[in-house]
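Read through the structure below, which is laid out as structure tokens, and then see the notes.
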Amino acid sequence: MRDRISPAPDWYLLRLSLMLMLSVRAWQLGRGELSGWDGVSALPATGLVLVWAAGALACLGMPDRRRAVIWIICGAGTTAWVITRWIAAHGLLYELIENSLQAFLPWIVAAMAWTPAQAAASRYRRGLTWAVVMTFLGHGLYALGAGVPVPQHFLTMVMSVLHLSQAQARIFLAAAGCMDLLVCMLVWWPRTARYALGYAACWGILTAIARVWAYAEPGDITTWVRWLPETLVRLPHGLIPLALLRTRQI
């Protein structure tokens, strides 16, 4: 049976994803822990904390054009942060594309709130799909060590969660990287899109949870303060594919 596609991606999951992303980034920036944002003076940083916090609170209500304006401003901030982080990584392309979802989600949600016409729903889905594809592409290339060393924290996390040796962790990451690249292709083919999105949703949520699983200690609150935000901010990597999956009905 052919897929039937509902008019627009799941609003509740999109708003939850945006709220998690903006609230965690505001928390991290306020605490001076936002990677790539070193050296920014206190006044712009404080302003951006307030903007992202306002954007997160706006996700609690139903979308309208007033909230869309807030999310557009938030999108300018997330895009600036992604570019700053990319520059800090010496222009490494993988660093730019793996943060595509973080950069573009506020813009896409704002566009959906500003122009909620059914005719534009397919454009919103394509935009979200491209953001997911770019994010998984960046993660997959990192996991494969394609042109750059496999990130040490990837290896450490896999070794800690799955109790593997470093050599075994490299093999596991290579397999996971291949799956990420496969997802990037299969999401565009109608017959396989739902399976690719289902895998992306599960894998995105599992890799987010892996942060606290690997690094947070049950009796050490400081490790939870450090790593729980890293989990929450990555949950959209699974929630957005899930939102896209929910638009496809068998």
Whole percent per 5 Å bin, from 0 to the bin with the longest distance: what is P(r) over all C-alpha pairs of the stretch 54-96?
5, 23, 21, 13, 12, 12, 10, 4
To the nearest 20 debye, the stretch 193-250 has a Cα-centred charge dipole, built from +1 on Lys and Arg Cβ and -1 on Asp and Glu Cβ, of 380
Using the Cα atoms of the stretch 190-250, I'd like the radius of gyration and the largest Cα-Cα distance, Dmax, both in angstrom.
14.4, 47
Any idea what Rg and Dmax come out to for the stretch 161-203 if you just take the C-alpha atoms, in Å?
12.7, 39
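Ala45 to Thr223: extension gain in nm, 0.36 nm per residue of separation minus the Cα-Cα distance?
On the way: separation 178, 0.36 × 178 = 64.08 nm, distance 2.44 nm.
Once the chain is fully extended between Ala45 and Thr223, it gains 61.6 nm.
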In Hz, Karplus ³J(HN,Hα) per residue of the stretch 226-238 (6.51, -1.76, 1.60; θ = phi - 60°; x = Gly, Pro)
6, 9, 4, x, 5, 6, 4, 6, 9, 4, x, 5, x
Cα-based Rg and Dmax for the chain, in Å, come out at 18.1, 57
Inverse mean reciprocal Cα-Cα distance (Kirkwood Rh) of the stretch 113-250, Å
16.2
Please name which of Leu128, Ala111, Leu96 has its Cα lying farthest along the dipole of the stretch 68-186 towards the positive end, using unit charges on Cβ (Lys, Arg +1; Asp, Glu -1) and the Cα centre as origin.
Ala111
Is there a quick way to get the dipole size of the chain? I mean about its Cα centre, with the Cβ of Lys and Arg at +1 and of Asp and Glu at -1; what is the value in debye to the nearest 20?
900
Each residue of the stretch 73-89 in order: what ³J(HN,Hα) in whole Hz does its phi give by Karplus 6.51 cos²θ - 1.76 cosθ + 1.60, θ = phi - 60°, with x for Gly and Pro?
5, 4, x, 4, x, 5, 5, 4, 5, 4, 5, 4, 5, 5, 5, 5, 8
For the chain, calculated [θ]222 nm from helices alone, where every DSSP H run of n ≥ 4 adds -39500 (n - 2.57):
-25000 deg cm²/dmol
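Every read-out reported here was derived from the displayed coordinates using simple, explicitly stated rules and does not represent laboratory data. Keep in mind that what you see is a predicted model, and the values were worked out from it rather than measured. Positions of Cβ are generated from backbone atoms using ideal geometry, with glycine treated the same way; all protein chains shown enter the neighbour counts.
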